[in-house]
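The values are calculated or read from the model by the stated rules, or taken from the named source; none is laboratory data. If you're wondering where the values come from, they're calculated on a predicted model, not measured in any experiment. Glycine also receives a Cβ, built like all others from the backbone with ideal geometry; neighbour counts cover every protein chain displayed. Calculation scope for accessible area: heavy atoms of the full protein, side chains included, ligands and nucleic acids excluded. Shrake-Rupley method; radii C 1.70, N 1.55, O 1.52, S 1.80 Å.
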Amino acid sequence: MTQSDYIVIKAKEDGVNVIGLTRGDDTKFHHTEKLDRGEVMVAQFTEHTSAMKIRGDAEIHTANGVVSSEGKNNKEI
């Protein structure tokens, strides 16, 4: 088995959704988790998981740096 990349997701609000997407000809949702404010999830890309969708206000830490997602209530003016 090859070593896969990990990401760390830290919820900055209640109800952050982490959705795993499959590999293959048809991309499908295969796993979902809901995180509340302050919760942290360590996730790994695998032979089954090729992408992750993160909804809500969260910090995502990867080997390439840190990115923030925004909740629906965080609107830029």
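Key figures for this structure:
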{"quantity": "Top-ranked residue of the stretch 1-15 - restricted to ones that are assigned to a loop (DSSP other than H, G, I, E, B) and at pLDDT 95 or above, ranked as most open to solvent (accessible area, probe 1.4 Å)", "calculated": "Asp14"}
{"quantity": "Residue count, the stretch 16-26 (criterion: of a type outside the set (Asp, Glu) and open to solvent by 90 Å² or more (accessible area, probe 1.4 Å))", "calculated": "1"}
{"quantity": "Pick from the stretch 27-69, criterion among the charged types (D, E, K, R) and open to solvent by less than 100 Å² (accessible area, probe 1.4 Å), ranking: modelled with the lowest pLDDT", "calculated": "Lys53"}
{"quantity": "Inter-residue pairs, beta-carbon under 7 Å, first more than 11 Å from Val42 (Cβ to Cβ) and in the stretch 1-13, second at pLDDT below 65 and not hydrophobic (A, V, I, L, M, F, W, C), 6+ apart", "calculated": "none"}
